[in-house]
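**Student:** Before I ask anything, here is the structure I am working with.
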Amino acid sequence: MKIGFIGLGIMGKPMAKNLLKAGYDLIVADKFAPAAVEEVAACGATAGASNMDVGAQSDIVITMVPNSPEVKEALFGEDGAAKTMKKGTVVLDCSSINPIASREIAAELEKLGVEMLDAPVSGGEPKAIDGTLAFMVGGKQEIFDRCKDILGSMGSSVVRCGDIGAGNVTKLCNQIIVAVNIAGLAEAMQMGQMCGVEPQKIFDAIKGGLAGSTVMNAKAPMMMDQNFKPGFRINLHIKDLNNVVDAAKTVDAPIPLTQSVLEMMKILHRDGDGACDHSALLKYYQKLTGEVLHH
Ligand code: NAD
């Protein structure tokens, strides 16, 4: 069995390396990142000449690109991998995209006799590197059962959430919770400091209680250090929250908290902070108050 991997960015490159470590036969492509292709090829993968080359040579094709336009381009564009896939190929799209787009893409692939799972991840670059990502998967049970071990070689949790699109619905839920959590943390730390309590004391005192969270442990130290190196960029989170807005619209789901944090992120993007880690939501409060959070 040969696995194809398209998109060797921050996430895709370490994920591809973990597939190699698990012993899979891999062919990779990323037309915008030739250095990443060379790096993964040096670890034992075949360097695909193009997405079409990957499609032709693979039984399973993993895509890990930014958003739905790029997934569509990688599969159906001029150099689209789906053009050369044989019947029975399975596409595992690990990109975080709109669940409506996942269903559209799966329907197009079905016409070619190609199956698909949407399998976005949570965990970020460190967990992509150590192979402990959490996969949220949508698609047929039978296809999931066939592909679970492949995903398991890149992650420590692989959960089927329902039919096609369910993985990306779950990922959007994840992104709402993370965004609102970071904004709440920034708001609280800023308010606490302005009321005269040291942010480090606030963090130490509450991290073990109900307010404590993985988000707090990861992002509070970054905020106090004014370290906004990504991690996960504001611009990518804006993409995800825009997908929340689109998905919520189709079912009339109320999302006032998402809308508020999205506005804050858009302001940061306009101010040139889009490439910062999403912990830079703190900057929104710092700009309003003129006060910088410290240790
Ligand atoms: P990235 O921008 O670092 O990498 C994307 C890669 O896709 C790039 O190397 C790009 O050249 C390639 N690409 C784009 N279009 C292509 C095409 N048509 N053919 C071949 N290659 C193409 O992005 P990333 O951070 O690796 O994120 C990928 C996905 O994972 C996104 O949907 C993101 O939201 C999601 N995600 C990212 C993180 C994170 O912390 N970075 C965490 C969880 C999920």
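**Student:** Treating cross-link reach as a plain straight distance, find the lysines whose alpha-carbon is under 22 Å from the alpha-carbon of K283, omitting any fewer than eight places away in the same chain.
**Tutor:** Leaving aside lysines fewer than 8 places away in the same chain, those within reach of K283 are K201, K207, K219, K229, K239, K266.
**Student:** Where a Cα-Cα gap under 22 Å defines reach, which lysines qualify for K21, not counting those fewer than 8 residues away within the same chain?
**Tutor:** K2, K13, K127, K148
**Student:** So which aspartates and glutamates pass the test for K249, namely a Cα distance under 16 Å, with those fewer than 8 places away in the same chain ruled out?
**Tutor:** Excluding near neighbours in sequence, the set is D240.
**Student:** How do 44-54, 96-106 rank on mean C-beta neighbours within 10 Å, highest first?
**Tutor:** Values: 44-54: 20.1, 96-106: 22.3.
By packing density, highest mean first, the sequence is 96-106, 44-54.
**Student:** Suppose only helical runs count, i.e. DSSP H with n ≥ 4. What mean residue ellipticity at 222 nm does that imply for the chain under -39500 (n - 2.57) per run, divided by all residues and rounded to the nearest 500 deg cm²/dmol?
**Tutor:** Details: 13 runs with 157 residues, N = 295.
Value at 222 nm, helices only, nearest 500: -16500 deg cm²/dmol.
**Student:** Once neighbouring chains are kept in place and the probe is 1.4 Å, which whole percent of the accessible area of the range 1-108 is contributed by carbon and sulfur? Please report the intermediate quantities before stating the final value.
**Tutor:** Details: 2350 of 4210 Å².
Answer for the range 1-108: carbon and sulfur cover 56 percent of the accessible area.
**Student:** Report the equivalent ellipsoid semi-axes for the chain in whole Å, largest first, defined as the square roots of five times the eigenvalues of the gyration tensor built from alpha carbon atoms. Write down the numbers at each step before the final one.
**Tutor:** Values: eigenvalues 271, 79, 58 Å².
Output for the chain: semi-axes of 37, 20, 17 Å.
**Student:** For Q200 and E125, calculate 0.36 nm times their separation in residues minus their Cα-Cα distance, and state this gained length in nm to one decimal. If you can, show how the numbers build up before the last one.
**Tutor:** Values: separation 75, 0.36 × 75 = 27.00 nm, distance 2.61 nm.
24.4 nm is the gain from fully extending Q200 to E125.
The values are calculated or read from the model by the stated rules, or taken from the named source; none is laboratory data. It should be emphasised that the depicted structure is a prediction, and the values quoted were computed from it without experimental measurement. Here Cβ is always computed from backbone atoms with ideal geometry, including for glycine, and neighbour counts include all displayed protein chains. Heads up: the accessible areas ignore ligands, DNA and RNA and are worked out on the full protein's heavy atoms, side chains in. Shrake-Rupley method; radii C 1.70, N 1.55, O 1.52, S 1.80 Å.
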